[in-house]
Amino acid sequence: MATSSELAQLPILTEKPHHVPSVALVGNPNAGKTSLFNRLTGLRAHTANFPGTTVEHRRGRIHAGEQSIELIDLPGLYSLDALTPDEQVARAAIVGEITRHPAPDLLVLVLDATNLERNLYLASQVLELKRPTLVALNQIDAAEQQGLTVDLAALSAKLCAPVVAVSARTGQGIEQLTEKIGAVLATPTAPTFDAAGCACDACHGCSYAARYDWAKQVRLSSVQGADEPHSPLTDALDRVLAHRWWGLGVFGVVMLLTFMLIFWAAQLPMDLIDGAFASLGETVGGWLPAGDLRSLVADGVIGGVGGMLVFLPQICLLFLLIALLEDSGYLARAAFVMDRLMRKVGLPGKAFVPMLSAHACAIPAIMSTRMIEDRRDRLATILIVPLMSCSARVPVYALVVALLFPHDPVRAALLFAGAYVLGIVAALGLGWLLKRTLLPGESTPLLIELPNYRVPSLRNALITTVDRAWVFIKNAGTTILVISLILWALATYPHTDLADLPAERQAAINAAGDNADALLAQAQLERSFAGRIGQVIAPVFAPLGFDWKMSVGVVTSFAAREVIVSTLAVLYGVGEEGAENGSLYDSLRTATHSDGSLVFTSATCLSLLVFYVLAMQCLPTQAVTRRETGGWRWPTFQLVSMSVMAYVAALTVYQLATLFGKT
């Protein structure tokens, strides 16, 4: 029976009767925590930030018998002596220092069976917290393939905690782990990891070196097999993939194939979504009486939201392929290969991780620069990260590529990849310039753990893709819907009747026959609030080949880059002309200037693409930059430098394309 002092250590016994127990997954990066979380929860999970932070974690529900349990996937950390923001938040969550988030009722310590000794440093610190702890020995299948045999009983004795061998990739041991979690929560006992009750007293109160000595002893006593197993295949792959020159070539080929697959595989679902929203708009429009209400629903809501969702297949494929590449262990090699090049242009090796994550969103990427200790390196990384092609730019790229090469996946993929390459080259060029002007100095090299190569889990990648896609829909969809409604109102009011137009234009419309309604709708749009705003700012963007509608899109995209797609969907879809065209692509391909010439020529499309690759059009990113740099000096520099770069580059591309006949 537990003593009174032991019972006093168990806060879980004093919770409210309907308390849902919480279990946190704790472990090193690359230990397989997220894969294990996905295996346990499936799609019953969501991504969120802890209060007061932008550090992501995931929460989901699992069931052990009749018991419902909340599972938390914490950011990976190497030590409780936290240095980076992710590690600091993970540690705070473990010990219950986050507002409205008490300490978890149970810690599941996820250890990599193929790198046990390396994982045990953190394990010793977690076990010293004397909180109920269960060890999940992950990647046991990979360990067995490498000729390693783990004595679970011996390991459990050394760690003074129950150990369950699992494989998040194959599902081995998952049922036993769930049952064990439920059993430990059902009969909580005081933790027994202490000097008196275990053979692991050497780790208590010791220094850095002594902990690793203890970790080595634990590994030697519980793992049989080669000390450091080497795979001939791994060595052969690394000789190519991690080579200073061959590695760069392979990286370029991998990215090109990735974009080819994205464009080719996404074409059919994109066409289906585009057609579905066009049909939905026509159907709903037929149910409603002619007037503002029908225009609001069909053009404002359905047209605006559909203009964004049509690109969801490409975004999902991007997330899926990145998840597979990361799970395979390749992306860590890509970071290693890029390190030497980045340091030559004045960027720190550690910048590769924020730059890579910026391809999803620049905001968490900027936050993750806190792991860069040197202020000069951190500031340089913050300034160049927004040049990476984030997921918000994907709809713009997809739109332009589809307009230029609707039936040519090879050239479409090359252009798509070229947009990403342009962003990377611009970032490296800006880093080189900063090193020689505002931020002189040498950068620190990258220290990164290279995980073992493994067959990626398609199931895990799909779950990650669904989760990220839903986050994108919620975040982008809300903003786009609001802006679409505002744009619809600006494009609809004030109303313009035929009698309000000059006599010459009235005569032209009356003489147009079947095209009279389309010309009247065009006149209405030009005289609306949106039209007046666009015509004021149009001269600024006219040298880039943009008409006034595209100019309005440039301004609205400061709220979110992808908003330009819904802006064009609303502005080019208002009135009977848009309804007749049937879809966004058709509306844009057939859009004409007042003189009858096409709006979206090849030169204009290329100019628009280059502008959106380089422009700083994201106010939330600016706000995060201000917070991270402590003032408006650097966000202002970021905005001005990227805007000038985008304008000059787009102007050059448009004029050259026009000169060489790309109209």
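The values are calculated or read from the model by the stated rules, or taken from the named source; none is laboratory data. For clarity, every value in this text was computed on a predicted model and none was experimentally measured. All Cβ positions, even for glycine, are placed from backbone atoms using ideal geometry, and neighbour counts span all protein chains on display.
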Where in the stretch 147-250 are there helices (runs of 4 or more DSSP H), lying fully within it, with 3 or more residues that are modelled with pLDDT of 90 or more and either closer than 30 Å to Lys130 by Cα or touching a strand residue (DSSP E or B) at 6+ places or on another chain (Cβ under 6 Å) (or both)?
152-159, 174-186, 208-222
Could you say whether any residue in the stretch 121-144 is without any contact (Cβ under 8 Å) to a residue 24 or more places away in the chain, among the acidic types (Asp, Glu) and over 29 Å from Val466 (Cβ atoms)?
yes
Answer yes if at least one residue in the stretch 302-313 is modelled with pLDDT of 80 or more and within 25 Å of Pro456 (Cα to Cα), and no otherwise.
yes
Please identify the pairs in which a residue from the stretch 158-184 that is within 19 Å of Val455 (Cα to Cα) and not assigned by TED's automatic domain parsing to the domain that holds Lys33 has its Cβ atom under 6 Å from the Cβ atom of a residue that is acidic (Asp, Glu) and not in a helix (DSSP H, G or I), counting only partners at least 6 apart or on another chain.
none
Qualifying residue in the stretch 269-278 (condition: within 30 Å of His495 (Cβ to Cβ), in contact with a helix residue (DSSP H, G or I) (Cβ under 7 Å, 6 or more places away or on another chain) and either crowded, with 17+ Cβ neighbours inside 10 Å or modelled with pLDDT under 85 (or both)):
yes
Considering only residues that are of a type in the set (Phe, Trp, Tyr) and within 20 Å of Phe319 (Cβ to Cβ), which ones fall in the stretch 256-307?
Phe259, Phe263, Trp264
Scanning the stretch 264-276 residue by residue, those in contact (Cβ under 8 Å) with a residue 40 or more places away in the chain, of a type in the set (A, V, I, L, M, F, W, C) and closer than 14 Å to Val310 by Cβ turn out to be Ala266, Met270, Ile273
Name every residue in the stretch 85-107 that is acidic (Asp, Glu) and either in a loop (DSSP other than H, G, I, E, B) or not assigned by TED's automatic domain parsing to the domain that holds Pro75 (or both), in order of residue number.
Glu97, Asp105
Would you check which residues across the stretch 608-625 are under 20 Å from Ile424 (Cβ atoms) and not β-branched (Val, Ile, Thr) and list them?
Leu608, Leu609, Phe611, Tyr612, Leu614, Ala615, Met616, Gln617, Cys618
Which of the residues belonging to the stretch 493-522 are part of a loop (DSSP other than H, G, I, E, B) and of a type in the set (Gly, Ala, Ser)?
Ala511, Ala512
Within the stretch 64-73, can one find any residue that is without any contact (Cβ under 8 Å) to a residue 60 or more places away in the chain, within 18 Å of Pro354 (Cα to Cα), outside any loop (DSSP other than H, G, I, E, B) and of a type in the set (S, T, N, Q)?
no
Taking the options Val385, Val410, Val401, name whichever one is crowded, with 22+ Cβ neighbours inside 10 Å, out of contact with any strand residue (DSSP E or B) (no Cβ under 6 Å at 6 or more places or on another chain) and within 20 Å of Tyr585 (Cβ to Cβ).
Val401
